[in-house]
Structures are given as C-alpha cells and as structure tokens.
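For reference, the structure discussed in these notes is given below.
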Amino acid sequence: MEKTAPGKIGLKNWILIWVLGMAGQICWNIENSWFNTFVYDKIAPNPSIVAWMVGVSAAVTTFSTFLVGTWSDRIGKRRPFIGIGYIFWGVFTIVFGLGKFLPKNPLFLVAAFVVLADAVMSFFGSMGNDGSFNAWTTDISHEGNRGRVGGALAVMPVLATIFGAVVSGILIDAIDFFAFFVLMGGLVSLIGVLSLFTLRESPTLSAKRDEKGFWHQFFSVFRFKTVTENKELFWVFIVMVVYFIGFNVYFPYITIYFVNYLGFDYTMTGLVQGAGLVGASLLTIPAARFIDRGRIAAVICAAVACNTVGLIVVSLSDAFLPLLLVGILGAGIGYVLVFQALTAWIKNLYPVGQRGQFEGVKIIFFVLIPMLLGPAIATPVINTMGIEKVINGVAGMVPSPSLFWISAALTSLTLLPLIKARKLQKQRKSLS
C-alpha cells in the first residue's frame with residue numbers, strides 16, 4: 001500500500017492518459033485483430049502462424065515490460081521510455097506491413113518475417129505502454145481515484161476496438177492493409193514524439209536503486225518471498241490469468257470468424273463489433289463507483305456472467321444481426337468490467353518503489369500465459385471443429401462457433417480463484 005498519496009489528477013494528466021492510452025490501445029488492437037486478419041488474407045489461412053505470432057509477441061512483451069519496468073524504477077523516470085517506445089512502436093507497425101510484398105514461396109520465410117516484425121513491434125509497444133505508461137498512471141493516482149483511472153484504462157480497449165473495427169475496417173476496404181499500417185503507425189510515432197515534450201514525472205516517484213546491481217534488482221521479484229508478502233495481489237493475478245486464457249481462445253480469431261465464416265466484409269465486421277461494444281463502454285462509469293467502494297469482486301462476478309452468456313449467444317446467432325449484437329454486447333461488458341475491476345484492484349496492491357517491475361509481473365498473467373495457452377487451445381479446436389475454406393488461393397481452416405463455446409466454459413472458471421482473492425481482500429480491509 002502507498003505511504004504517500006498523490007493529489008487530484010489534473011486536466012493535463014487526464015489528457016495524456018487518454019491520448020497515450022488510446023493510441024496504445026489502438027495499436028494493440030491493430031496487432032491483435034488486423035495483424036491476424038492480414039496474415040489470413042495476404043499470407044496464408046493458417047492458424048499456426050497466428051498462434052506463433054501471438055505466443056512469441058507475448059514472450060517478448062513480458063521480457064520488455066520487466067526490463068523497462070525495472071530500469072524505470074531504478075532511475076525514477078518513465079517519460080523517456082514512453083516516448084521512445086511509442087516512436088518505434090509506430091515504426092515497426094509499418095515494417096510489419098512489408099510482409100505483403102514478400103514472396104509466399106517458401107511460406108516459412110514470410111511467416112518468419114511477420115512473426116519477427118510483430119515481436120519487435122511488441123518489444124517497443126511494451127516499453128512505451130506496459131512498462132512505462134501503465135506505471136506512470138499508478139504513480140499519479142491513489143486508491144481513492146483508481147476506480148476512475150481503471151475505468152478510463154478499461155474503456156480504452158473497447159473504444160479502440162470500436163475504432164479499430166469500424167474505422168479500420170472502412171480504411172482497409174478503401175486503401176488496403178499496407179497504407180493503413182503506414183497511417184496508424186505514423187500517428188503513434190507522432191504521439192510518442194509529443195509525449196517527450198509534454199509529459200511530466202509524478203512528484204512522488206523516486207529512484208529505487210539496488211546497490212547489488214541492475215540484474216539483481218531485475219530478478220529480485222522472482223522470489224517465493226515476493227509471493228508470500230503479496231498474497232492478495234498474486235491471487236488477483238490468478239483471477240486475471242484464468243479469465244484471459246479463455247478470452248484469448250476466441251479474441252485473436254474473432255475478425256477472421258466474422259469475415260471468413262459469417263461472410264461479412266471488413267466494414268460490416270467493424271460496424272457490428274463497434275455497435276455492440278458502445279453499450280459496454282457506458283457501464284464503466286457506474287462500475288467505477290462500486291469499485292471505489294470496494295465492491296470489486298461483485299463487479300467481476302457480474303462481468304463473468306455477462307461474458308459467458310454473450311459468447312454463447314454469439315455462437316448461436318450465426319449471421320442474424322440483432323442476436324449477434326446482443327452477444328457482442330454481453331462479451332464486451334464482460335471484458336471491459338473485468339479489465340476495469342482488475343486494473344484498480346492490482347494498482348492498489350503494488351509495492352511502493354516497484355510499480356514498474358510489478359507491471360512486468362502482471363504481464364506474465366495478463367499477456368504471456370494467456371497468449372500462449374489461449375491460441376494453443378484454439379488451434380486444435382479450429383483444425384478439428386472449424387470449416388475448410390480456400391482464401392486467396394490457399395486452402396485452410398476457418399474458426400466456427402465451437403471456439404466461443406470453449407471460451408465461455410474457460411472464462412466462467414474465473415469465479416474459482418476469485419473466492420480466495422475476495423477473502424484476502426476482506427482480511428486486508430479489516431486490518432486497515
């Protein structure tokens with residue numbers, strides 16, 4: 001828990017939270033949705049390539065967040081990492097699109113190129129966003145306003161998905177993938193440059209330097225003592241990993257499902273996903289009040305229920321738009337409220353002086369494990385229960401509704417570790 005609490009978050013910092021947060025989430029959305037769709041449509045309809053991209057980028061993201069988080073904690077600065085990370089994040093978004101111009105035979109070479117380009121992009125994205133920006137939002141906030149900060153950070157992926165689905169779909173239909181990657185990558189790089197001149201460090205942030213050296217400080221978090229000293233935090237991490245394993249079973253393939261199974265074009269895919277998610281984003285405001293009052297577990301329970309029902313409805317709706325929208329709304333509510341609640345809960349438990357480093361710990365449970373296991377589960381499901389289809393002259397397997405059944409079952413298991421995490425939260429509150 002914090003020893004000193006920053007005051008009110010000023011207008012300038014709120015603007016930076018929204019500009020940097022939205023730019024980052026739009027870039028992550030492009031990677032998670034459109035990179036995969038790009039591979040299916042321009043490289044080969046092969047779920048294994050997507051699984052490799054997701055898995056390798058998750059590993060790189062985790063390493064980068066630990067590296068930069070430890071480094072920024074050690075020197076007591078976030079700004080240079082945010083600026084440089086965002087600049088090169090945008091650059092390698094553009095580089096990824098060059099895969100379109102590579103020969104497809106042998107397939108291994110172009111597949112290796114897109115996996116590598118995605119990994120480098122993820123390294124810089126994590127440097128700017130996960131290891132620095134997220135730690136900075138913790139630096140400038142306190143327990144009394146983290147429901148609002150968590151709400152903002154939770155709604156951003158939804159708004160980014162709406163933007164990424166609606167606007168990106170229209171742009172890709174109009175100008176194709178490479179020009180789209182150039183446009184969006186250039187925008188993220190520009191925002192990185194601006195952040196170097198506008199962002200200021202929190203006055204409560206100070207350097208925490210381990211005299212035994214950088215790598216001793218880097219590995220200090222990998223101790224059993226760290227877990228025993230932060231039991232509630234690690235149980236919340238377990239809640240997070242269970243939910244996001246199920247989430248990553250379907251999410252990397254949802255646009256592929258809309259385009260190649262339901263037969264929508266990119267524009268219609270965006271409109272359907274965007275319309276369903278608008279309603280989900282509106283619930284972050286009332287949810288923030290419950291979270292700030294300590295009702296985090298109740299919010300997560302409601303979110304998991306909405307998510308499970310929503311995914312089942314999506315699987316049953318086929319191309320019937322009203323039912324499909326209801327399903328997307330339910331799944332969207334589940335995602336945004338779980339993300340909002342867990343963000344606030346975790347930030348309240350970070351040890352002072354190790355916030356950047358613990359962002360790396362969070363990434364293990366939020367990104368690395370879910371993005372390794374989710375697609376690993378999805379690949380055999382698609383290959384055995386999907387439908388065979390020829391896309392751009394290449395035969396492959398397309399996801400079917402079965403993917404949403406598996407995801408719904410897995411995400412519902414989130415309630416099991418939540419029981420223990422809630423019990424530890426009650427114990428902490430009773431002692432404060």
Over the range 82-114, the set of residues crowded, with 21+ Cβ neighbours inside 10 Å and farther than 30 Å from Leu199 by Cβ is Gly99, Val110, Ala111, Val114
If you go through Tyr250, Tyr257, the only one that is open to solvent by less than 10 Å² (accessible area, probe 1.4 Å), under 26 Å from Pro375 (Cα atoms) and touching a Leu at 6+ places or on another chain (Cβ under 9 Å) is Tyr257
How about the range 209-247: which of its residues are in a helix (DSSP H, G or I), modelled with pLDDT of 80 or more, surrounded by fewer than 23 Cβ atoms within 10 Å (Cβ to Cβ) and not aliphatic (A, V, I, L, M)?
Lys231, Glu232, Phe234, Trp235
Would you please name the residue that is farthest from Leu311 (Cα to Cα), looking only at residues in the range 419-432 that are open to solvent by 10 Å² or more (accessible area, probe 1.4 Å) and among the aliphatic types (A, V, I, L, M)?
Leu431
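Conditions (1) part of a strand (DSSP E or B); (2) modelled with pLDDT under 85; (3) surrounded by 23 or more Cβ atoms within 10 Å (Cβ to Cβ), marked per residue:
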position: Ile346; (1), (2), (3): no, no, yes
position: Gly353; (1), (2), (3): no, yes, no
position: Leu373; (1), (2), (3): no, no, no
position: Asn383; (1), (2), (3): no, no, no
position: Lys389; (1), (2), (3): yes, yes, no
position: Gly396; (1), (2), (3): yes, yes, no
position: Leu403; (1), (2), (3): no, no, yes
position: Ala409; (1), (2), (3): no, no, no
Would you please name the residue that is surrounded by the fewest Cβ atoms within 10 Å (Cβ to Cβ), looking only at residues in the range 30-58 that are of a type in the set (Phe, Trp, Tyr) and under 18 Å from Thr267 (Cα atoms)?
Phe38
Phe133 being modelled with pLDDT of 80 or more, in a helix (DSSP H, G or I), within 30 Å of Phe258 (Cα to Cα) and open to solvent by less than 10 Å² (accessible area, probe 1.4 Å)
no
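Going through Arg74, Arg79 one at a time, which residue ends up being surrounded by fewer than 24 Cβ atoms within 10 Å (Cβ to Cβ), touching a Leu at 6+ places or on another chain (Cβ under 6 Å) and farther than 23 Å from Pro157 by Cβ?
Answer to the selection: Arg79.
Residue under question is Phe163, and the condition is that it be open to solvent by 40 Å² or more (accessible area, probe 1.4 Å) and assigned to a helix (DSSP H, G or I); does it hold?
Against the criterion (open to solvent by 40 Å² or more (accessible area, probe 1.4 Å) and assigned to a helix (DSSP H, G or I)), Phe163 qualifies.
The values are calculated or read from the model by the stated rules, or taken from the named source; none is laboratory data. On a predicted model such as this, the values are computed, not experimentally measured, just so you know. Glycine also receives a Cβ, built like all others from the backbone with ideal geometry; neighbour counts cover every protein chain displayed. Please note that ligands, DNA and RNA were not included when accessible areas were found on the heavy atoms of the full protein model with its side chains. Shrake-Rupley method; radii C 1.70, N 1.55, O 1.52, S 1.80 Å.
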